[in-house]
Structures are given as structure tokens and as C-alpha cells.
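A quick write-up on the structure given underneath.
The values are calculated or read from the model by the stated rules, or taken from the named source; none is laboratory data. Because the structure is predicted, anything quoted here is derived from the model rather than measured. Here the Cβ positions follow ideal geometry from the backbone for every residue, glycine too, while neighbour counts run over all protein chains shown. With ligands, DNA and RNA removed, areas are computed over all heavy atoms of the protein, side chains included. Shrake-Rupley method; radii C 1.70, N 1.55, O 1.52, S 1.80 Å.
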Number of protein chains: 2
Amino acid sequence: MSASEHEDIRRIELFSQMADDNFKSLMRGAYVQNFPAQIELITEGEPSDFLHIVISGSVDLFSAWNGRDTSMATVRPISTFILAATIKDAPYLMSARTLEKSRIALIPSQDVRAIFDIDSNFARTIVTELAQCYRSAIKAQKDLKLRTSLERLANYLLRHQRHAGGGAAFELDFEKRRLASVLGMTPENLSRAFKGLQPYGVIVRGTRITINNQADLEHFAKPNPLIDNFST
Amino acid sequence: MSASEHEDIRRIELFSQMADDNFKSLMRGAYVQNFPAQIELITEGEPSDFLHIVISGSVDLFSAWNGRDTSMATVRPISTFILAATIKDAPYLMSARTLEKSRIALIPSQDVRAIFDIDSNFARTIVTELAQCYRSAIKAQKDLKLRTSLERLANYLLRHQRHAGGGAAFELDFEKRRLASVLGMTPENLSRAFKGLQPYGVIVRGTRITINNQADLEHFAKPNPLIDNFST
DNA sequence: GCCTAGCATTGACTTTTATCAATTTATAGG
DNA sequence: CCTATAAATTGATAAAAGTCAATGCTAGGC
């Protein structure tokens, strides 16, 4: 792992507050690997041997049951995944695969747990992180249970627009088939949902979205910070 | 609060590992109140001033958006709720109401955060608890995204049967309308879903459920520990 | 620049789920 | 024990979402 990568990881919220020695100790046991696209990094049900950190590229967290599967989240640099399983020493609940060529750091779970026990600042940050993860999961559950797929798409677009800087036009950051899966619908249904948002001024050309009537779309979507604001 | 209540709370996983002084200090700031049924204890969006502990009775966590609402979970004695909001000092994501006459302990959130900072055993348990909560939320999300309502009901029955001791006959522990909401469907649809499970040997008489053909139902439900096992 | 594989879209249709209205059944007070 | 009230069920219908099949589009490999 390069020194600049160390720096990058150190700057992640999760590792920013811990003692220097402990961080170094964590990094000593860690190793970094480059993976091509579409590689399954972990499989749900397996023991959680490593905490993963995406350094570059992107990773899809997904889950399967009875022949169906669904995308749960996308992890982008620089952030960790599978923290809860690592901490609990419990099996992964989701599988992970690279979406593109990616560089991933792996920290042995037992090291994370050991440092957790001796570094209270680290423990503090882990708590904050887990609380955040939990709240995001609750928001996702509310999104699924309280909204139709059309409403979920509308709110997704507004969130993503904001994330992309707030302009009327922006690019989707992943394939539509995966967006459909993330939103809990089929690709066909997503296609029709985009059509269904045309009356509210949404224009789609490939991955480029233009929101022509912000007020109309917001009136339909009724975004709510208790569902759509990922930072609180 | 009575001495025996102190004992009961002390025995909760969350408080079992902390230093005695710190526990006493937490309890000093706490107070206990009796509430009648159907009282809204907290409202989503409000600041999280207290960590709540259900001592007796039961509490429904629910959420509303755009005129709809949905039950997210039921809290039964003795356990806490709204831990993540307390820790993050963030607004509640869910509202809570008593389902019956209930006795609730309230611990000021700032006290919890203060003790958290000085008691590493307490911090350790909070992390475990939050990781658990997060994983439960992920399981709920998988349940919603990967299964039809009939499958969710079938798996719910199997989980509940297990929880009730494993016998072929058992009682539902809450009203059907709320079960419907928890499972993400309408009461009408739940009624029909019960009918739809008849071919698999499920018999419903009021709140009493009998599973006549365990193997058949399990074959249909395909329960999976990564969705249905709440303890890992 | 062309070809090809995979993604996206569209149409026709089915299944699943929700909604509305009408009964029936259960339940808690008086 | 009766009655008022809410819950549960049922039927009819509508809306939402999924499936299947065909076609259009597009980006990467040669």
C-alpha cells in the first residue's frame, strides 16, 4: 500500500480519530489488492474475516434469495463496508462484487476488534458509523414501505441531483438495470417509471437526466429529510 | 423506580457490562412513567432527548409519509429503543406509541452519551447492540425486496412459531391489522394471504395459528438464516 | 467502421397488491 | 348480557408491478 493510500484511509471518518500507533498497527496487518470488474469479493453467509475498504473503483452490495437477487447499496471510494459483520464476528448478510476495476484494502476483522477494545476514540467513531448505517437502513425501509416505485424514483432523482451539484441536468452514476434493482423494481418498470415522470418535467436521454420543472417534481416526490437526507 | 426495576434494567444486555457507578449515575437522571394505551411517546423528526426503555407493556415504532403510515417494529420488555438517535444526537426517524398500558423508563440522551465516553465496556455493548440493530434492518430490507407478501407472511409465521416454542399451534402476538402493516401489506391482503397459505397446512382461527404441515410450509417459505434469524 | 453482445425500451399480458364497500365477527363498556 | 365500536373478512374492481417476447440502441472489440 502506498503512503498516499495510507493517508487517504487515515482521512476516512472511521479512522480519523484513533491513536497513530493503533492506526499503524491496523495497517500493518492490512493488504491491498486490485480486482477486475465483476469479481465477487465476498459471498453472503461466509464468516467476516476482513473489513473491506474501497480505495478506487466501486463495489455493489447485493443479496440473493430463492433465485432472485437485489442490489442493496453501492460503495464508492473511500469508504468501508461490512463493518457490522466485522464487529459482531457474524456472517456477511450481503455479497459484494466489483462494478469496475477496483482497488480494495482488506483489514483482518480480528485486528479491528482488537484495536476497538483498546482505542476508545476508535470505538467512539465505530459507534457513530454504525448508528449512521442503521439510520440509513431504516430510511431505506421507509422508502420501500411508504412509497410506490414511481415515488422512489422521483425522490432518488432529487437526491442524486443534489449530490451531483444541484443543476437541472446531471448524469446517472450507474446502469439503469442496477438502479432498478436498488430501487426495488424491474428494469422494465424503471423504464416506464421514467416515462411516468415526464409529466413532471423529467427528461431522460441515455444516462443524462434533465429536470425541467423542479417545483413540479418536488411537489410530486414530496422529499422528506427523515427518508431522503442521508447525512443525518 | 423500584429496586427490582433497577435490577431488571441492569440485566438488559446494553447495561449489563458497565461499571456500577456509571449505571447508578445513569439511573439517577432517569425517570419512569406509566402511560395508557395508544399514547404517542415520541414523534419522528423531534430531537432525541431520551433513551427509552420499555419496562412493561409494549410499544409500536411506526413512521408516516404523505398520509400513509407503516409499523416498523414492536418493542417488548425489557428493551430499549431509539438508541441510534440518542447516540448520534439526531432526530428520531420513527414515532413510538404505546400499544397497551405501559411502563417506560426515560434516560436523558446526554447522560447516555456522557457515560458512553467514560465507560468503555458500555461503549462496547452499545456497538454490539447497534451492529445488531443494523443487521436486523438489513434483514428486514431483504425480506421486503426479495419476497412477495405471501412469502413474507409464511416466513413470519415460521419465525413466530419458533419464538413461541416450536409447537404446531401458537398465538399471534398482535392484531392482524398491525401484522399487516409490519409485513408491508394491507389488512385485506393479509386476510387473503392467510387463505393463500391454507394449501400449505396453515389454519387460522382468530389469533390462533396451527401449522398442520410443517414440511410443506417450510418448503414454500424457504426460510433463510440470513433473513429470518434475528439473533445473528 | 462494422459487428456483436448486452442493455434498454416497448407492447401484450399476468400476477400481485391496493382500494372501496359491504358484511360478519370479535371485543370492551355499561 | 347487551350494545356500540372496532377489527376482520369477503367480493368486486382498479392500480401497481412483474413477466415474456420482440425490437431498438449503444459501446467495446476487431
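Would you confirm, using the coordinates I've provided, whether B:Leu144 is within 16 Å of DNA strand D (Cβ to nearest atom), in contact with a helix residue (DSSP H, G or I) (Cβ under 7 Å, 6 or more places away or on another chain), in a helix (DSSP H, G or I) and within 10 Å of another protein chain (Cβ to nearest Cβ)?
Taking the combined requirement at face value, the residue satisfies it.
Which residue, of A:Ala193, A:Ala164, A:Ala221, is open to solvent by 40 Å² or more (accessible area, probe 1.4 Å) and of a type outside the set (Lys, Arg)?
Selected residue: A:Ala164, the only one of A:Ala193, A:Ala164, A:Ala221 that is open to solvent by 40 Å² or more (accessible area, probe 1.4 Å) and of a type outside the set (Lys, Arg).
From A:Ala84, A:Ala30, A:Ala105, which residue is out of contact with any Leu (no Cβ under 7 Å at 6 or more places or on another chain) and either within 14 Å of chain B (Cβ to nearest Cβ) or over 16 Å from A:Cys133 (Cβ atoms) (or both)?
Going through A:Ala84, A:Ala30, A:Ala105 in turn, just one is out of contact with any Leu (no Cβ under 7 Å at 6 or more places or on another chain) and either within 14 Å of chain B (Cβ to nearest Cβ) or over 16 Å from A:Cys133 (Cβ atoms) (or both): A:Ala105.
Looking only at the range A:189-198, which residues are within 13 Å of DNA strand D (Cβ to nearest atom) and not aliphatic (A, V, I, L, M)?
Matches in the range A:189-198: A:Asn189, A:Ser191, A:Arg192, A:Phe194, A:Lys195, A:Gly196.
Under the condition of being in contact with a Lys or Arg (Cβ under 7 Å, 6 or more places away or on another chain) and more than 8 Å from DNA strand C (Cβ to nearest atom), which residue from the range A:160-192 is nearest to the other protein chains (Cβ to nearest Cβ)?
Among those that are in contact with a Lys or Arg (Cβ under 7 Å, 6 or more places away or on another chain) and more than 8 Å from DNA strand C (Cβ to nearest atom), it is A:Gly184.
Residues that are crowded, with 20+ Cβ neighbours inside 10 Å, of a type in the set (A, V, I, L, M) and touching a strand residue (DSSP E or B) at 6+ places or on another chain (Cβ under 8 Å): list the strands (runs of 3 or more DSSP E) wholly contained in the range A:1-106 that include at least 3 such residues.
So the answer is A:50-56.
For A:Leu157, work out the one condition from (1) within 7 Å of chain B (Cβ to nearest Cβ); (2) open to solvent by less than 10 Å² (accessible area, probe 1.4 Å); (3) of a type in the set (A, V, I, L, M, F, W, C) it doesn't fulfil.
Among (1) within 7 Å of chain B (Cβ to nearest Cβ); (2) open to solvent by less than 10 Å² (accessible area, probe 1.4 Å); (3) of a type in the set (A, V, I, L, M, F, W, C), A:Leu157 violates only (1).
If you go through the range B:167-188, how many residues are under 17 Å from the mean Cα position of the chain (by Cα) and either open to solvent by 20 Å² or more (accessible area, probe 1.4 Å) or within 12 Å of DNA strand D (Cβ to nearest atom) (or both)?
So the count comes out to 12.
Given the criterion within 11 Å of DNA strand D (Cβ to nearest atom) and not aromatic (Phe, Trp, Tyr), identify the matching residue among A:Arg135, A:Arg208.
Only one candidate qualifies: A:Arg208.
Taking the options A:Asn224, A:Asn189, name whichever one is in contact with a Phe, Trp or Tyr (Cβ under 9 Å, 6 or more places away or on another chain) and farther than 30 Å from B:Asn121 by Cβ.
The unique qualifying residue is A:Asn224.
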